[in-house]
Amino acid sequence: MENAFSSMYGYTSDEDGIRHGGIDFKWAPAEDAKYMLVSCSAFVNYLIEKWSKAAKNQDNSEV
């Protein structure tokens, strides 16, 4: 999974990627942008859930 997230970040960050296309960037299809938006949203939700569970486990271990 780490490799997948790293590759996804690389795709969005490279010279022709979605985030660095600049004002004149016209080559990213809408479906690619939508995929990245949904994937990033899912990843953020995953991290929030993992953090929440880790915090809950830490609270339980202090009791």
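The values are calculated or read from the model by the stated rules, or taken from the named source; none is laboratory data. On a predicted model such as this, the values are computed, not experimentally measured, just so you know. Only protein heavy atoms, including side chains, enter the accessible area calculation; ligands, DNA and RNA are left aside. Shrake-Rupley method; radii C 1.70, N 1.55, O 1.52, S 1.80 Å.
A 1.4 Å probe over all protein chains sorts 37, 47 by accessible area into 37, 47, starting with the largest.
Counting only protein chains, not ligands or nucleic acids, how are 51, 27 ordered by accessible area (probe 1.4 Å), most first?
27, 51
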